[in-house]
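Read the figures in this text as sums done on the coordinates, not as results from a lab. Keep in mind that this is a model prediction, so the values were computed, not measured. Methodologically, a virtual Cβ is constructed for each residue, glycine included, from the backbone with ideal geometry; neighbour enumeration extends over all protein chains shown.
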Amino acid sequence: LKLKKKEQSPPPAPTKAEAEAEAATAATSSKPRKVQVEPQISPNETSVSTGTGSKFSFRGGKSKKESSAKKQQQQVVNDDGHDDEVDDHYITKSSTSKSSSSSSCCSCKRLVLSSICFILLAVAGIVTWRYGPWAKNSVSVESLVAESSACDNCCNGLESNCNLPVNKVLFPMVHNAHSSYDNNFMGASNNKPFEEALVAGYRALQFSTCLCKGFLSKALLERDAEWGLGESNLGFCHMSCGMGVRDPKDVLTNLKEFIETNPREVLIIEFDMLDGSSADLRTALQRSGLIDYVYHPQDEYYIAEWPTMEQLIDDNTRVLLFGNGDGMDSCPAKDCTDGILYANDHFGRTATDGSDLDSCESTISGDVSIGYFVMNHYQNSKLKMPSKKKARELNSYSNLEVRMERCQGQREPNLLAVHFWDEGEVLGFVSVVNSGRNREGGEYGAAPEDEDDADEEGTRG
C-alpha cells in the first residue's frame, strides 16, 4: 500500500532540538536496508546526535511506539521505494516455495498414473493369456501308448503285480491331476498334464470338479450338447475356474482312449465333486463311454476281498472309481450309482495339508476295515501354493524310502499321492516296492528272487 502524503502549508521554523531529531531520522531512513552492506543499530541500542554532528549509541529498552513503527515500516512501501529489495526477496522466496510445491504435486500425480497404467496392463495381459483362444486344448499328446505296454504279460508294468489283489499294489497317484502349468493353470500342482503322467507310468489320478461361473470362464468350456452338457458349466478345476479349468469332454475322452489303447493297465480315479457338480459329472461319464470299463463290486459296504489285477484285466473292468463331496454319501458297494464308490467307505489317508510327512498316521483310527490307504506326500509353500521345490525334495528316492520304512507295522499304503509328478524318482521307487509285494503260497511278500531284484533296483535308485 502506498501512503499518500498530505499537502500542507510550510510548517513553522523548527526548534533546534526538533531539527536535530529530524536530521537524525532522515539520515537513518534514507539509507537502503541492506543488511549485508550497511550495519544496523541493534534493537537494544538508541542513537543520539550531538550538536557537532557526531553520534553516539547506548543500549536501552525499546519503546512500544518504536516497535510498532518498525513493524509498519516492514509492511508498508514508501514513496521512495526503499523497501523494494526486501519485497523482492519475499516475493522470490514465495515463488520458489510455490514452484517446489507444484513440482512435487506433479511428480506424485505422474507416479500414481504410472502405477495405475502398469496395473491395468498387467491385468489385461493376464486376462488375455488366461482367456485367449490358445487357452483351449492347449496341450496335445501325440500318443497315449504307455511306456510299459511293451510287456505283454505285465499288469501295470510288472508281471508280479498280476497275482496281487488290486488293493495290495502300490499305485503312484497324481494329486490335482487336472491342474498343470501346461494347461495354463495359475498356481498349478503339476508341470505337465495328466495324460503325460499316464504314459510315463502313473496309474492313479485325483480330480476336482466344479461349476464355472462368469462369462469368461464359460468361454473356456466346450459345453457339448451331445454329451448332455449344452447348458452345463461343469469343469475340472481347483477352487475357481478363473485359476484354470479343463473341459470335461477333453478329460474323459483322453481317459477312455488311454484305457482302450493299453489293455493291460488298471486305473484308480478319485473325484472330489464341488459346487453341486456331481449330477453333470455322472452325465458326462455316461456319455463318454468310460463307464463301460468301471468295476462294479457285488459286495455290501465292506469288500472282504478285492479282485486281483489279472481278474480286472480279464474282465475288462480296469477302472475303479471313487468319489466324495456333493451328492456322495455312504452306499453299499453293489448299489453305488455308476459304480462310483464312496471314498470315505474305503479310503484311509494321512494328513492332506502336508502337516505330517513322516509317519503313516491315518485320518481313520481304530480297527476299521478299509481297502485302501492313501499316503499324501506333498506340501504347499508358505504362500499356500503348490511348491515345486518341496516336491523335488519329497519325491526323491531317499525321502520316499525313509517314510515307507516308518509305515512298517502300520497300514500299508497302496496309493502314493504327489505333486509335480515329473520331479524326483517316484516311479522308480514304486516299481521297487511292488516288486517286493509278489504273492507266494497264499501270503503276500517278496519271493526270494524278487527280493534280490528289489534290492538291486533300490541300490540303483
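Can you pull out the GluC sites (Glu not before Pro) in the range 353-415 that DSSP calls coil and that have at most 11 other Cβ atoms within 10 Å? Hits after loop and neighbour filter: nothing returned. Distances between placed amide hydrogens fall under 5 Å for Lys213 paired with Cys241, all partners being 5 or more residues away or on another chain.
Each peptide among 169-179, 196-206, 347-357 gets the average number of other Cβ atoms lying within 10 Å of its residues, and from highest to lowest they stand as 169-179, 196-206, 347-357. Per-residue packing, averaged as other Cβ atoms within 10 Å, sorts the ranges 145-154, 277-286 into the order 277-286, 145-154, beginning with the highest.
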